[in-house]
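Peer 1: Okay, here's the structure, questions in a sec.
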Amino acid sequence: MNLAIIGYGKMGHMIETLAPTAGFTVCARVDSKTNTNGAALTRESLNGAQVAIEFTQPSTAPANIEHLASAGVNIVCGTTGWHAELPRVRKAVETAGVSLVWSRNFSIGVNIFTRVVNEAARLLESQPDFGAWAWEIHHSAKKDAPSGTLLQLLEGMQRSGYKRPVSVSSSRAGSQPGTHEIGFDSPEDTITLRHTARNREGFARGALLAAKWAMGRRGVYEFSDVLFG
């Protein structure tokens, strides 16, 4: 299976290192610095790629997805902060007849953690004495705060019925790959749920799993579709 890597930073290098273990040959690498508005993403430059994994910036992801779709390449997008453009992106993907798997976090552990948080929110919705907080820490270079993952957790809590205010805070420091914490507190007790990523490898392995799953499919999916159906 031929894989293109779009965005050749730390995540791109990690994906390249792990790609052979998932059965992929990396046939193209596109550095975001030389890819203005997706212009570098052509059939020729992608060199026979069947699927591309995109980790770039919120300002460039929608155009990258559109150009990849036009080139007939399936897409896995791990960039966060662009999802207001999802209707535009969906149209391009569906018109081209390819697939897109997107997520705010490709860690398998985080996606299971999200389900645990949703269930806790559902159970505590009927307990008015329990207030809630949401906190995260990421490395100092991360652009968006709160992160897409924390926003996903908050949205899931709301969908699960927890409508009360949640105190939200974000920290950016050092080289932290990512820790997310959801807590519920009453006068009598505290419940704390936390996920800590040890390194970027979990995100890369999840993206590669999604890339394999995307082969031969059409339409727009979330990573939860890959994991849970």
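Peer 1: What are the residues whose amide H is under 5 Å from the amide H of A52, where those residues sit 5 or more places off or on another chain and H is modelled from the backbone?
Peer 2: A4, N74, I75, V76
Peer 1: Modelled label-to-label distance, T25 and S59, 7 Å Cα→beta-carbon offset: nm?
Peer 2: Computed distance between label sites T25 and S59 equals 3.7 nm.
Peer 1: Would you list the P(r) distribution for segment 22-145, with all Cα-Cα distances sorted into 10 Å bins from 0 and each bin expressed as a whole %?
Peer 2: P(r) for segment 22-145, in whole percents per bin: 11, 35, 28, 16, 7, 2, 0.
Peer 1: Measure nothing fancy, just the Cα-based angle from helix 148-159's long axis to the longest principal axis of the chain, in degrees from 0 to 90, nearest 10.
Peer 2: Tilt of helix 148-159: around 50 degrees.
Peer 1: Let's test the formula: R0 of 41 Å, r as the Cβ-Cβ distance of N2 and I191. What FRET efficiency results, to the nearest 0.05?
Peer 2: 0.30
Peer 1: A further question on this structure: For S126, put the label point 7 Å out on the Cα→Cβ axis and report which residues of segment 151-172 keep their amide N under 18 Å from it.
Peer 2: Output list for this probe position: 158-164.
Peer 1: Could I ask something else about it? Which whole-Hz couplings ³J(HN,Hα) result when phi for each residue of segment 58-69 is put into the Karplus expression 6.51 cos²θ - 1.76 cosθ + 1.60, θ = phi - 60°, listed in order with x for Gly and Pro?
Peer 2: Values per residue, Gly and Pro as x: x, 6, 10, 4, x, 5, 4, 4, 4, 5, 5, 4 Hz.
Peer 1: Which whole-number percent is the relative contact order of segment 23-168 (Cα, under 8 Å, 6+ apart)?
Peer 2: Relative CO of segment 23-168 lands at 18 percent.
Peer 1: May I pose another question? Taking amide hydrogens as modeled 1.01 Å from N in the peptide plane, which residues meet the under 5 Å criterion relative to S171, leaving out close sequence neighbours?
Peer 2: For S171, whose amide H was placed from the backbone, the distant partners under 5 Å are E136, I137, H138.
Peer 1: Whole-Hz Karplus ³J(HN,Hα) for segment 115-120, in order, using 6.51 cos²θ - 1.76 cosθ + 1.60 and θ = phi - 60°, x for Gly and Pro?
Peer 2: Karplus values, whole Hz, x for Gly and Pro: 5, 5, 4, 4, 5, 4.
Peer 1: With a ≥ b ≥ c taken as the square roots of the eigenvalues of the C-alpha gyration tensor of segment 8-82, please select rounded if a/c is under 1.5 and otherwise prolate if a/b is larger than b/c or oblate if it is not?
Peer 2: Numbers: a/c = 1.65, a/b = 1.20, b/c = 1.37.
Because a/c hits 1.5 or more and a/b fails to exceed b/c, segment 8-82 counts as oblate.
Peer 1: Using the beta-carbon distance between S170 and T17 and R0 = 35 Å, what value does 1/(1 + (r/R0)^6) give for FRET efficiency, to the nearest 0.05?
Peer 2: 0.75
Peer 1: Please check: in the Gaussian network model of the chain (C-alpha springs, under 10 Å), which one of T196, T56, T80 has the largest mean-square fluctuation.
Peer 2: Its mean-square fluctuation being the largest, the pick is T196.
Peer 1: What percent does the relative contact order of segment 1-105 come to when contacts are Cα pairs within less than 8 Å and at least six residues apart? Spell out each step's value before the answer.
Peer 2: Values: 191 pairs, mean separation 25.8, N = 105.
Once normalised by length, the contact order is 25 percent.
Peer 1: Moving on to the next point. For segment 89-96, in order, what is each residue's ³J(HN,Hα) by Karplus, 6.51 cos²θ - 1.76 cosθ + 1.60 with θ = phi - 60°, in whole Hz (x at glycine and Pro)?
Peer 2: 5, 4, 4, 5, 5, 5, 5, 7
FYI, it's all coordinate maths here, none of it is from the lab. As the structure is a prediction and not an experimental result, all values here were calculated from the model. Here Cβ is always computed from backbone atoms with ideal geometry, including for glycine, and neighbour counts include all displayed protein chains.
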